[in-house]
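The numbers here are math on the coordinates, done by the rules we state, and not lab data. None of the values given here were measured: they were computed from a predicted structure. Here Cβ is always computed from backbone atoms with ideal geometry, including for glycine, and neighbour counts include all displayed protein chains.
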Amino acid sequence: MLDNVRVGPKLVGGSWSCGRGRRSEWLAGQPAQPRIPVAEITDQRMAGLVVLGDLRAAQQSVWVGESRVAGGRSTDFSSRQADYAYIDQNLRRIDESWKAYEAIPHSTGETSQWEGLGSVWKSWRQGA
């Protein structure tokens, strides 16, 4: 039946039928997903994401400072002191972000994951 049809229309028809099937699966699964109020996303979740992003950026900055010191890129005393000051500045930034994230209300799942992260984070912090 499709022997006389060129390849292009076959591909278009096949992708259309696959997309139609996926769309019906997606629509069937939509009611089962929980709805999160917009206010909760903007007030609580987004604030937590911003703070966690700052926490991660500060941690990566500490790693950069440590790699400069350990890698021998700081050849003279003044550049080594500047690297140590950079590390200390970002460690303070981590402490501020940590306190800010703890002040934000969390769900029970987030609280349990945050407490699990606390011990790992403290061991990393003692090594830094």
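Things to note:
- Sorting the Cα pairs of segment 37-127 by distance into bins of 5 Å, from 0 upward, gives 3, 13, 19, 21, 15, 11, 8, 6, 3, 2, 0, 0 percent per bin.
- Spin-label model, S112 to L49: label points 7 Å out along the Cα-to-beta-carbon direction sit 2.4 nm apart.
- Stretchable slack from A70 to A57, in nm (0.36 nm times residue separation minus alpha-carbon distance): 2.7 nm
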